[in-house]
Amino acid sequence: MPLLVPGSDTPALRAALRANPDTWLVACFCAAWCDTCGQYRPRLAALADSQPGRVYAWIDIEDHPDLLGDEDVENFPTLLVQVGGRVVFYGPMLPHIGHLERLLESLGPDSPAVATQLPDVPALLAA
């Protein structure tokens with residue numbers, strides 16, 4: 001599945017997130033002005049293309065602050081991994097796609113939930 005962007009890809013995001021309540025959402029919180037994000041994006045897009053069973057979203061924090069709720073993003077990239085209704089990872093990550101690949105391999109449906117101040121990002125994206 002391609003890397004989806006709220007706004008231009010809203011219908012595809014809605015369809016993908018509504019299709020299966022246990023869908024994995026891998027969301028990258030970024031900013032258009034961030035050079036690191038710009039370099040990371042094509043690698044994340046390639047990973048998204050290689051994992052069609054997961055939903056990957058590219059979320060510009062300035063365009064979609066509502067998706068952060070009370071959370072602050074101070075380092076880029078900051079990633080959210082949510083399996084169904086549970087957040088299993090939320091935090092900054094070094095901008096090396098291999099780190100994300102290893103993280104995703106280590107996570108599963110039984111991974112413990114992580115507490116955040118984030119709103120229900122999949123529900124907001126699917127609305």
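Quickly run through region 77-89 and pick out the residues that are without any contact (Cβ under 8 Å) to a residue 60 or more places away in the chain and open to solvent by less than 40 Å² (accessible area, probe 1.4 Å).
Hits for region 77-89 are Pro77, Thr78, Leu79, Leu80, Val81, Gln82, Val87, Val88.
If we keep just the residues of region 36-65 that are without any contact (Cβ under 8 Å) to a residue 24 or more places away in the chain and small (Gly, Ala, Ser), which is surrounded by the fewest Cβ atoms within 10 Å (Cβ to Cβ)? By that ranking, first place goes to Ser50.
Residues of region 90-113 that are open to solvent by 60 Å² or more (accessible area, probe 1.4 Å) and either among the basic types (Lys, Arg) or farther than 16 Å from Asp22 by Cα (or both): Pro92, Leu94, His96, His99, Glu101, Arg102, Glu105, Ser106.
Of all residues in region 116-127, those satisfying the criterion of being more than 23 Å from Gly38 (Cα to Cα) and part of a helix (DSSP H, G or I) are Pro122, Ala123, Leu124, Ala126. The number of residues in region 11-32 that are over 20 Å from Leu107 (Cα atoms) and touching a residue at least 24 places away in the same chain (Cβ under 8 Å) comes to 7. If you check Ala113, Ala126, Ala32, Ala16 for being among the small types (Gly, Ala, Ser) and modelled with pLDDT of 95 or more, only one passes: Ala113.
Taking each residue of region 109-127 that is under 21 Å from Ala15 (Cα atoms) and looking for partners that are surrounded by 10 or more Cβ atoms within 10 Å (Cβ to Cβ) and among the basic types (Lys, Arg) with beta-carbon atoms closer than 7 Å, six or more apart or interchain, yields Ala126/Arg14; Ala126/Arg18.
The values are calculated or read from the model by the stated rules, or taken from the named source; none is laboratory data. Given the structure is predicted, the values throughout are model-derived calculations rather than measurements. Positions of Cβ are backbone-derived with ideal geometry, glycine not excepted, and every protein chain shown enters the neighbour counts. The protein model used for the area step is the full one, side chains on, heavy atoms only, and it has no ligands, DNA or RNA in it. Shrake-Rupley method; radii C 1.70, N 1.55, O 1.52, S 1.80 Å.
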